[in-house]
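The values are calculated or read from the model by the stated rules, or taken from the named source; none is laboratory data. As the structure is a prediction and not an experimental result, all values here were calculated from the model. Quick reminder, even Gly has a Cβ in these numbers, built from the backbone with ideal geometry, and neighbours come from all protein chains shown. The accessibility values were calculated without ligands, DNA or RNA, using every heavy atom of the protein model including side chains. Shrake-Rupley method; radii C 1.70, N 1.55, O 1.52, S 1.80 Å.
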Amino acid sequence: MKQAAAAGRSQLSVKISRHLEAEISAGRLKPGDRIPSESQLTARFGVGRNVVREAIARLKSEGLVESHQGLGAFVSSKAHRNSFRIDHDELSHLPKLRQLYELRLDLEVSAAGMAARRRSRSQLAAIQAALSALRDALASGQGMVESSLAFKRAIADATGNEYFKNFVLFLTAHIFEAASFERRIATSGALRETVLTEYESILEAITVGDPDLARRAAWTQIINSAERNGLRGLQGWEVTRMTSLGETYAPPCAPPVSSCATPSLPLPDGACDCHFHIIGDAAVHPFTPHRSYTPPPASLDDYRKMQGTLGLSRGVIVQPSVYGYDNRVALEALRLGGDNYRGVVVISDQTSEQELRDMDALGVRGVRVNLIYKSGVEVSDVTSLARKVAPLGWHLQLLIDISEFADLYDTVANLPVEVVIDHMGHMPASIGVKHPGFRDLLRLARDGKAWVKLSGAYRFTNQPDTPYSDVTPYAKALIKANPDQILWASDWPHVCISVPMPDDTTLLEEFFQWTGHDETIIRKILVDNPARLYGF
């Protein structure tokens, strides 16, 4: 009953704005006419002033209404011209909702930063009062839509920019009407506390007048809200990538599952895990301060236990971003591992030819370019690194979000080395297999221009736990495109993930399902393809 009532209230501002829009379109309210006052509209529709203000803000943003200070709101002289508008009914579709969230991400983050710099004492008091009202609404189990919008409205008021303010209010009204999760939040005490903490962080940053922290807090809240509504990887961003928005943010990671079961199918001899990390003792090998996460130790011995249970006999040790350019832990693991292991490292323009030759002798066969987590590597490094390692016959391994990488096919196809794309392109599963970036990835695989790893499904799924069924269409499409260019990897020890820690056997069983349990394809992906690429 409470959910239905909250949903009904959230629609009232839409109904009011549509009623007034119809009056304007029919000519009953003409350009220059004053629209009914707030008190008249609240009495007529039986709603609070906040609902009416949302409706008026929407009409202002659509160019139908304009305010005359001290006199009220009037029908604009431009009311019958075409104007920007959002079809509320479209927002039930995830692609449309994603687009609205992307627009909101930039605007609300900017608003928070502006408010931190510009807010007056009275405006700060209004923001504080709005948060208190939100806290009361959450504590009493009431709907949070109106009080959340009041908080956003108070921040928008503090920007001191009327155009900016009206557009932000217009967007936030739509986003909360479409965000069903936020309406249901009253049923979960833990989620209420989470949302309240996000809003308190925004207020705290605005209170101390720190625009960087305010932008970070707003960014975090919007990205989290998007994820709660089934939209991960907004604009290709993860919360941990806020490289210029305040202090270093490197949350601790959960450890991997310590034991796993024997898989349902025995693996062929020479089966290879093409991507896992070794994490050493931070006291001996400190992490870079410019990292995105803080992983627990994960030794080669720990990995070998899991490897033996699954039936894997070969592996590729990949340099994790937490070590930056310091490859010592990975190289030492290669020394200990022997000929059944290969390595992928991170290098810079300063890495000497002798260092490259030494690493090649240990089994290094590729260079990683990480454009998702902080690692010190930039987009501009791709071509220069490819040229640097081409004489060694090494490949370039790219960790990118293909939905955010312009000209993917032309960039990759024209590189002078083999290219491996991590984690199926790391594109949020909610975007869909028809996205141009994924079509480019299929074409790269089909044309033999890139290898693609079937790995890291938990990094771009919208599912809270295994099986990650929304990833299945991507994996099957890649295998169908060209099984000769596909690799598989565990991604052990599964660092920096936002879902429950998966069991490695479950991940392998999911791979079997993607292949249709076809033993020929399984052998090709686990044995033949890695042997060709890594030189086993």
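Brief remarks follow.
- Cβ pairs under 8 Å, 6+ apart, first in segment 395-410 and without any contact (Cβ under 8 Å) to a residue 60 or more places away in the chain, second of a type in the set (Asp, Glu) and open to solvent by less than 10 Å² (accessible area, probe 1.4 Å): LEU398/ASP422; LEU399/ASP422; ILE400/ASP422
- When the residues of segment 98-113 are filtered to those that are open to solvent by 40 Å² or more (accessible area, probe 1.4 Å) and more than 17 Å from ILE431 (Cβ to Cβ), the one that is modelled with the lowest pLDDT is ASP106.
- Within segment 276-304, considering residues that are more than 23 Å from LEU362 (Cβ to Cβ) and of a type outside the set (Gly, Ala, Ser), the one modelled with the lowest pLDDT: HIS290
- Reported count of residues in segment 386-409, each being open to solvent by less than 10 Å² (accessible area, probe 1.4 Å), assigned to a loop (DSSP other than H, G, I, E, B) and at pLDDT below 90, is 1.
- Qualifying positions in segment 416-473 - of a type in the set (Phe, Trp, Tyr), out of contact with any Phe, Trp or Tyr (no Cβ under 8 Å at 6 or more places or on another chain) and under 21 Å from PRO256 (Cα atoms): PHE460
- Inclusion of VAL47 among residues that are of a type in the set (A, V, I, L, M) and part of a loop (DSSP other than H, G, I, E, B) is warranted.
- Listed here are the strands (runs of 3 or more DSSP E) enclosed by segment 256-372 that have at least 1 residues being touching a Pro at 6+ places or on another chain (Cβ under 7 Å), touching a residue at least 12 places away in the same chain (Cβ under 8 Å) and open to solvent by 30 Å² or more (accessible area, probe 1.4 Å): 314-318.
- In segment 469-493, the residues that are farther than 23 Å from GLY311 by Cα and within 20 Å of the chain's Cα centre (by Cα): SER469, ASP470, VAL471, THR472, PRO473, TYR474
- For the condition of a type in the set (Ser, Thr, Tyr) and either open to solvent by less than 40 Å² (accessible area, probe 1.4 Å) or in contact with a Phe, Trp or Tyr (Cβ under 9 Å, 6 or more places away or on another chain) (or both), THR520 does not qualify.
- Of the residues making up segment 130-142, those that are open to solvent by 20 Å² or more (accessible area, probe 1.4 Å) and either at pLDDT 80 or above or within 27 Å of the chain's Cα centre (by Cα) (or both) number 4.
- In segment 31-44, the residues that are over 40 Å from the mean Cα position of the chain (by Cα) and either surrounded by fewer than 12 Cβ atoms within 10 Å (Cβ to Cβ) or not in a loop (DSSP other than H, G, I, E, B) (or both): GLY32, ARG34, SER39, GLN40, LEU41, ALA43, ARG44
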